[in-house]
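To keep things clear, I will list the structure first and then write my remarks on it.
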Amino acid sequence: MIEVEHFTKRYGDFMAVDDLNLSIGEGEIYGFIGPNGAGKSTTIRFLATLLKPTSGEGRIAGHSVTNDPMAVRRVIGFMPDDFGVYDGMKVWEFLDFFAVAYEIPRLERRRIIGEVLQLLDLTHKRDDYVNGLSKGMKQRLCLAKTLVHNPPVLILDEPSAGLDPRARLEMKYLLNELRRMGKTILVSSHILSELADFCTSIGVIERGKLLASGSIQDIQKQLRSHRVLKVRILNENPAQFEYILKNHASVKAQSVNTIEGTLSAEFEGDGPAQADLLRQMMEAGAIVEAFDEEQISLEDVFMMITKGIVN
């Protein structure tokens, strides 16, 4: 749905984005992560047809970003990181303004505006003036205006910036709902924790270079060849079961340790091997409260990927 090939953008001697390639499939929520100044907004503005590349090409839904920008604009909804609202306009008038820009007929506009207001939970704000809305409501309204022409692709630059925790959770819910409706979503953020729960794949960019791209699970596997098992045991002396882990074929014996009732070990086996290990522990009398793999956070993924380039 979104393809970028060898996108490069220079400003004089400054390389903002360096030979970036990425591919985003239909129906994905792709998290574009990196610190401020990494090249996220530059890439997004290029895809939104607002920035000419130094070199490279992009395609959205089969349309060339450089050669057919008007076709691209018809299939995308773009939400910039900094947007303005028009003082003196009511919420419905603001949406109607953008619907007119997309040449939507008047009778159809009324229906579409009603549906978008309902989807974004803004119906009760329909006749409010936009300059009187809270930050969170303005973010919702900006997202609403990207949907009036029902684009299959959404490009959202820092959509949760400046929102309070409740508004961030609501934005996360909205993005999941839009994905269920079949939208392909590219969303950028430097707040990694808010992307981990709903992105199907991510791209890590730093100093203009795309360092990794793919599903979070695949990237985690690339970064750490082994998995770490955590076994929470309720017995009075959990360490007595360390020998089971140390003698299991899928466990690195030297990695086994016990901390506050939880055994941990580096594990290189598959699902059946995990089941076999759990069976052995329970047959030995272990009262197992929890048996799971240690998860690598998105923050850890970012730090591990960018460590080499930062150093």
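The values are calculated or read from the model by the stated rules, or taken from the named source; none is laboratory data. It should be emphasised that the depicted structure is a prediction, and the values quoted were computed from it without experimental measurement. Every residue, glycine among them, receives a Cβ derived from its backbone with ideal geometry; neighbour counts consider all protein chains shown.
Below, the figures for the structure above:
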item: Within the stretch 254-296, considering residues that are at pLDDT 90 or above and charged (D, E, K, R), the one surrounded by the most Cβ atoms within 10 Å (Cβ to Cβ); result: Asp276
item: Near pairs, Cβ below 6 angstrom, 6+ apart or cross-chain, from the stretch 159-172 (over 17 Å from Phe78 (Cα atoms) and in the same structural domain as Met79 (by TED's automatic domain parsing)) to any residue that is surrounded by fewer than 20 Cβ atoms within 10 Å (Cβ to Cβ) and of a type outside the set (A, V, I, L, M, F, W, C); result: Gly162/Lys135; Leu163/Gly136; Ala167/Gly136
item: Some residue of the stretch 64-87 being closer than 28 Å to Ala196 by Cα and among the aromatic types (Phe, Trp, Tyr); result: yes
item: Residue match in the stretch 60-72 (condition: closer than 27 Å to Arg207 by Cβ, touching a residue at least 40 places away in the same chain (Cβ under 8 Å) and in contact with a helix residue (DSSP H, G or I) (Cβ under 7 Å, 6 or more places away or on another chain)); result: yes
item: Sole residue being touching a Lys or Arg at 6+ places or on another chain (Cβ under 9 Å) and within 22 Å of Ala161 (Cα to Cα), chosen from Ala38, Ala99; result: Ala38
item: Every pair of residues 6+ apart whose Cβ atoms lie under 8 Å, when the first sits in the stretch 119-131 and is in the same structural domain as Ala167 (by TED's automatic domain parsing) and assigned to a loop (DSSP other than H, G, I, E, B) while the second is of a type outside the set (A, V, I, L, M, F, W, C) and modelled with pLDDT of 90 or more; result: Arg126/Lys90; Asp127/Lys90; Asp128/Lys90
item: Flag for Leu51 being in a loop (DSSP other than H, G, I, E, B) and assigned by TED's automatic domain parsing to the domain that holds Leu178; result: yes
item: Hey, Leu147 touching a helix residue (DSSP H, G or I) at 6+ places or on another chain (Cβ under 7 Å), on the phi < 0 side of the Ramachandran plot and crowded, with 20+ Cβ neighbours inside 10 Å or not; result: yes
item: Any chance Val100 is assigned by TED's automatic domain parsing to the domain that holds Asn150, without any contact (Cβ under 8 Å) to a residue 24 or more places away in the chain and farther than 30 Å from Thr8 by Cβ; result: yes
